Amino acid sequence: MPSLIVGNWKMNGLGDDVAEIAAMAGGNTGRAQLWVAPPFTLIDRAVIVSAGQIRIGGQDCHGAQAGAHTGCVSAMMLADLGAHFVIVGHSERRADCGESDADVRAKAGAAHAAGLEVILCVGETAVQRSEGQADAVVAGQLAGSLPDSAEGLIIAYEPVWAIGTGTVPTPDDVAAMHAVVRGALTARYGASGHGVRILYGGSVKPDNAAALLGAADVGGALVGGASLTAASLLAIAAAAG
Ligand code: PGA
């Protein structure tokens, strides 16, 4: 199965930057699958320029399908724009917006109901790792946030201390945590838990991608800073192939 490389643009990107998504679509060799989550404001334009070569998604959605939630965006609205997937539970949203595991579970369920694939993020902080709590934290996040269905579900293991820092875990540490995630998935979903892809995220760059993606049970990467230009994301995709 080819690796899945997902770009998360976070709160970056104006109209002109859609040209990068067009360049990603044009340069995609197909050795890795490429997905990109631009900000909400660029999704419709990104869908058009991606020309079916790249799947476009959202970085968040609300846990309800519609209603009195000023400023929020529903999963159905994303699907209506042509989005294919949505990221839920990113650590920046857990920290900035106080999202709980129950919130994340509701968002994942709403996304599935709207026909979107879900990338559900989990990961421990530096303090939790230094206290030996990393496995328990990640298992607890999964227990509280996994949706009812394993279909259309992808997990992203993103240690908080690796996001945007340039510091990455060793491939062995990544493999060990992916084994914990896999165990939680099969405990929850039975045999279907084997089919859920697990991504690694946190400071993935062209020069470390091959080592991180080569770790056991790493199905791809969730990439922040290095996903903002086509040159960089395509270099990661090439390393994945
Ligand atoms: P980073 O972000 O690649 O800039 O570390 C990853 C993420 O937050 O998904």
Computed magnitude of the charge dipole of the chain (debye, nearest 20; Cβ of K, R +1, Cβ of D, E -1): 320 debye
Evaluate the charge dipole of the stretch 73-206 about its Cα centre and quote only its size in Debye, nearest 20, assuming +1 on the Cβ of each Lys and Arg and -1 on the Cβ of each Asp and Glu. 160 debye
When Rg is the radius of gyration of the Cα atoms in the chain and Rh is its Kirkwood radius, what does Rg/Rh come to? 0.94
Taking Cα pairs under 8 Å and at least six residues apart, what relative contact order does the chain come out at, in percent? 21 percent
Can you tally the net charge around residue 49? Count Lys and Arg as +1, Asp and Glu as -1, for every other residue whose Cβ sits under 11 Å from the Cβ of residue 49. -2
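With the other protein chains left in place, how much accessible area per residue, in square angstrom, belongs to the chain at a 1.4 angstrom probe?
Per residue, the chain has an accessible area of 41 Å².
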How do 178, 84 stack up against each other in accessible area, from largest to smallest, with a 1.4 angstrom probe? 84, 178
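Is there a quick way to get the dipole size of the stretch 34-114? I mean about its Cα centre, with the Cβ of Lys and Arg at +1 and of Asp and Glu at -1; what is the value in debye to the nearest 20? List each step's numbers first, then the result.
Details: 6 positive and 8 negative charges, 36 e Å.
Result for the stretch 34-114 is approximately 180 debye, rounded to the nearest 20.
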A correct Karplus calculation of ³J(HN,Hα) over the stretch 61-76, with 6.51 cos²θ - 1.76 cosθ + 1.60, θ = phi - 60°, whole Hz and x for Gly and Pro, returns 8, 7, x, 9, 6, 6, x, 7, 9, 4, x, 9, 10, 8, 4, 5
Could you give the nm distance between label points at residue 217 and residue 69, where each point is 7 Å from its Cα heading toward the beta carbon? 3.1 nm
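The values are calculated or read from the model by the stated rules, or taken from the named source; none is laboratory data. Keep in mind it's a predicted model, so treat the numbers as computed, not measured. Positions of Cβ are generated from backbone atoms using ideal geometry, with glycine treated the same way; all protein chains shown enter the neighbour counts. Note: accessible area is taken over every heavy atom of the protein model, side chains too, but ligands, DNA and RNA are not part of it. Shrake-Rupley method; radii C 1.70, N 1.55, O 1.52, S 1.80 Å.
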